[in-house]
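*Asks:* Shown below is the structure under consideration.
The values are calculated or read from the model by the stated rules, or taken from the named source; none is laboratory data. Please read all numbers here as calculations on a predicted model, not as lab measurements. When we count neighbours, we look across all protein chains shown, and the Cβ atoms used for this are built from the backbone with ideal geometry, even at glycine.
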Amino acid sequence: MTAVEIRRLCFAVGGRTILQDIDLTIETGTITAVMGMSGSGKTTLLKCMSGLLRPTTGDVMIGGENIAGMRESDIDRVRLRMGHVFQYAALFDSLPVFENVAFGLLQHRRMTRRAAGAAVAARLEEVGMAGSEALMPSELSGGMQKRVGLARALAMEPDILFYDEPTSGLDPVIARTIDDLITETRSRRRVTSVVVSHDLGSAFRIADRVVMIHAGRKVAEGTPIEIAASRQPDVAAFVRAGGVAKETT
C-alpha cells in the first residue's frame, strides 16, 4: 500500500527552481531516507510532502488524497495524520515538557487534561523520557529535546512521521539512540517514516530505501546497498565523502 506518492513535483521561488520533476513513491510502513548535500532541496521536498509548502506544479498524494491543490482547511485535516520531528526539536521554550507533548492533544483532539496526561506519560516512556513532564526545554540536552519532540509527534498517533535531520548536532552515541528510536517506532507502530538527512551512516543503518537529491533533482533511489554501490557521479562522490561532499559547479 502506498503512503506517499509524488508526481512531477516542481518547486520554484523568486525565479529560482529548487526542485524539478521529482517522482517518488513511499510504501506504508517503510523508512525512506532523503539525502543530499546542503542546498540540494531535500528539506524543501519534505515540506512539500507534509503540506508546509505548496509545490509550484505536480501532485503530492497522501493516502490517496492530493494535497497539492487543497484548501488550507482541508490540508489541516490531512496533517492530523502526520507527525513532524524538527531539526532542533522546535519545542516551546516557555512551556514544560508536559505542555509541549500535550499541545496537539489539547488543541486539536480536544482531550481533557487528565486524558492527555495519561497519553503524555505513555509517549514519554516510549522514548525513554519517563517522568520528565515538569522539566523545561532549557533543562534538557539536545538528544533529550529530540526525544521529547518525537514524543510530541507520536502523541497524535500519526500514520506518517517526517524527520528533518534528526541526528544533526548530536554526538555519535546519542545519534545512534535516535536511530534506534526511529526503527523501534516503525516496528511498534507500523508508521511510515521519511527521514531527511546528510548523515550517511545513520541513513544506511535505518532506511529501507534511500533517495538522493542533487541540485533539485532526484538522481538515485534504491536500497542502502544499491546506493553505496552506485556509479552515478554525484552519488558516488557523496558516498565516498561520507555524506559531507561539497557541491561543485
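*Asks:* Specify the residue that is farthest from Glu5 (Cα to Cα); the eligible residues are those in the range 69-87 that are crowded, with 19+ Cβ neighbours inside 10 Å and either touching a helix residue (DSSP H, G or I) at 6+ places or on another chain (Cβ under 8 Å) or modelled with pLDDT of 95 or more (or both).
*Replies:* Going through the qualifying residues, I end up with Val85.
*Asks:* Criterion first (charged (D, E, K, R), more than 15 Å from the chain's Cα centre (by Cα) and either surrounded by fewer than 21 Cβ atoms within 10 Å (Cβ to Cβ) or modelled with pLDDT of 90 or more (or both)) does Arg209 satisfy it?
*Replies:* Answer is no for this residue.
*Asks:* In addition: State all residues of the range 115-135 that are under 18 Å from Glu157 (Cα atoms), surrounded by fewer than 19 Cβ atoms within 10 Å (Cβ to Cβ) and not hydrophobic (A, V, I, L, M, F, W, C); if no residue qualifies, say none.
*Replies:* Gly117, Glu125, Gly128 - these are the residues of the range 115-135 that are under 18 Å from Glu157 (Cα atoms), surrounded by fewer than 19 Cβ atoms within 10 Å (Cβ to Cβ) and not hydrophobic (A, V, I, L, M, F, W, C).
*Asks:* When you go through (1) within 30 Å of Gly64 (Cβ to Cβ); (2) assigned to a helix (DSSP H, G or I); (3) within 20 Å of the chain's Cα centre (by Cα) one by one for His84, which number turns out not to apply?
*Replies:* All conditions pass for His84, except number (2).
*Asks:* With respect to Ala220, determine if the residue is more than 18 Å from Thr167 (Cα to Cα), among the small types (Gly, Ala, Ser) and in a helix (DSSP H, G or I).
*Replies:* Taking the combined requirement at face value, the residue does not satisfy it.
*Asks:* Determine if the range 203-225 includes at least one residue that is within 25 Å of Val4 (Cα to Cα), hydroxyl-bearing (Ser, Thr, Tyr) and in contact with a Ser or Thr (Cβ under 7 Å, 6 or more places away or on another chain).
*Replies:* No: the range 203-225 contains no residue that is within 25 Å of Val4 (Cα to Cα), hydroxyl-bearing (Ser, Thr, Tyr) and in contact with a Ser or Thr (Cβ under 7 Å, 6 or more places away or on another chain).
*Asks:* Please work out if Ala151 is in a helix (DSSP H, G or I) and of a type outside the set (Lys, Arg).
*Replies:* It is true that Ala151 is in a helix (DSSP H, G or I) and of a type outside the set (Lys, Arg).
*Asks:* Let me ask something else about it. Would you please name the residue that is surrounded by the fewest Cβ atoms within 10 Å (Cβ to Cβ), looking only at residues in the range 7-24 that are aliphatic (A, V, I, L, M) and within 13 Å of Thr56 (Cα to Cα)?
*Replies:* Per the criteria, the residue is Val13.
*Asks:* Further, regarding this structure: Considering only the range 154-174, state which residues are small (Gly, Ala, Ser) and either more than 15 Å from the chain's Cα centre (by Cα) or in a strand (DSSP E or B) (or both).
*Replies:* Correct list: Ala155, Gly169.
*Asks:* Would you confirm, using the coordinates I've provided, whether Ser202 is part of a helix (DSSP H, G or I), within 22 Å of Thr32 (Cβ to Cβ) and among the polar types (S, T, N, Q)?
*Replies:* Against the criterion (part of a helix (DSSP H, G or I), within 22 Å of Thr32 (Cβ to Cβ) and among the polar types (S, T, N, Q)), Ser202 qualifies.
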